[in-house]
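Step one of this worksheet: look at the structure below.
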Amino acid sequence: MRTLRTPRLRLVPVTQRNAAELWLVLQQPDLRTYQDLPSVGVAAFEGMVGRRPPRLIEGAAGRFEWLVYMHRSRRALGWVSLRVSAGEPGAAEIGYSVVREFRARRIATEAVSALIDEGFTSAGLSLVRAYCVPENEASRRVLERLGFMRESVLPRGASVSGRPVDVLSYVLAQERWDRNAEIGPIAGVAHS
Ligand SMILES: CC(C)(COP(=O)(O)OP(=O)(O)OC[C@H]1O[C@@H](n2cnc3c(N)ncnc32)[C@H](O)[C@@H]1OP(=O)(O)O)[C@@H](O)C(=O)NCCC(=O)NCCS
């Protein structure tokens, strides 16, 4: 995993060394309204991160995560993740969150865009999937702006705070991403 840079952001790989910083971000308000996040103590979380695969290369499966910072800032304002499936080679699920005070500045859009590029180039992915609950309009907006296509509704496809919820499934194929990049930045998103 490597550090990714965009016009405004720095995406730093999460390893056991900086896992506590991600754990702190995970404790911020509003992040669990629409998604389930690990509810473990910091030491257990560091252990979980330590067991992840270290390198995002073709064929590696598991969870890969980056902390998101503004350039010249040391305060993490969110994270992005890729979960590469062992059962579906070439496919990964993307995840993202931005803390409340930094929202609605297209930070998620910019960070997710950089991670998609990384997935299609370094990890040899051909497909990126995303899931979100229908009520999560900001998340849907991020996905639709980046060119994700809505695939289906998965009734009771996930659980949030122990309750089953319906989930929208989205997909973005590499050809579509590359084609959009050729035409020009997707709706104002600068590819890094
Ligand atoms: C979803 C999330 C990551 C978006 O982060 P963000 O940095 O604010 O996203 P962006 O600014 O790039 O894009 C959000 C878009 O949705 C719009 N938006 C925000 N809240 C909205 C709402 N309630 N209804 C409709 N649109 C909304 C924003 O105006 C923006 O639109 P624009 O691109 O036309 O300007 C952030 O809200 C978040 O972390 N939420 C909690 C965790 C979460 O739900 N993660 C995703 C799980 S699937």
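The values are calculated or read from the model by the stated rules, or taken from the named source; none is laboratory data. Here the structure is a predicted model, which means the values were calculated and not measured. Don't worry about glycine lacking a Cβ; one is built from the backbone with ideal geometry, like all the others, and counts go over all protein chains shown.
Taking the stated definitions as given, is PRO53 within 17 Å of the chain's Cα centre (by Cα) and free of Cβ contacts under 8 Å to residues at least 12 places away in the same chain? Break it down into steps so the answer makes sense when it comes.
Numbers: within 17 Å of the chain's Cα centre (by Cα): yes; free of Cβ contacts under 8 Å to residues at least 12 places away in the same chain: yes.
Yes: the conditions hold for PRO53.
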- [ ] From (1) β-branched (Val, Ile, Thr); (2) modelled with pLDDT under 95; (3) within 18 Å of LEU9 (Cβ to Cβ); (4) in contact with a strand residue (DSSP E or B) (Cβ under 7 Å, 6 or more places away or on another chain), pick out the condition that doesn't hold for VAL112.
- [x] (2)
Open item on the list: Can you find a residue that is among the aromatic types (Phe, Trp, Tyr), within 16 Å of the ligand (Cβ to nearest atom) and more than 19 Å from ALA111 (Cα to Cα) anywhere in the stretch 30-48?
Closed with: yes
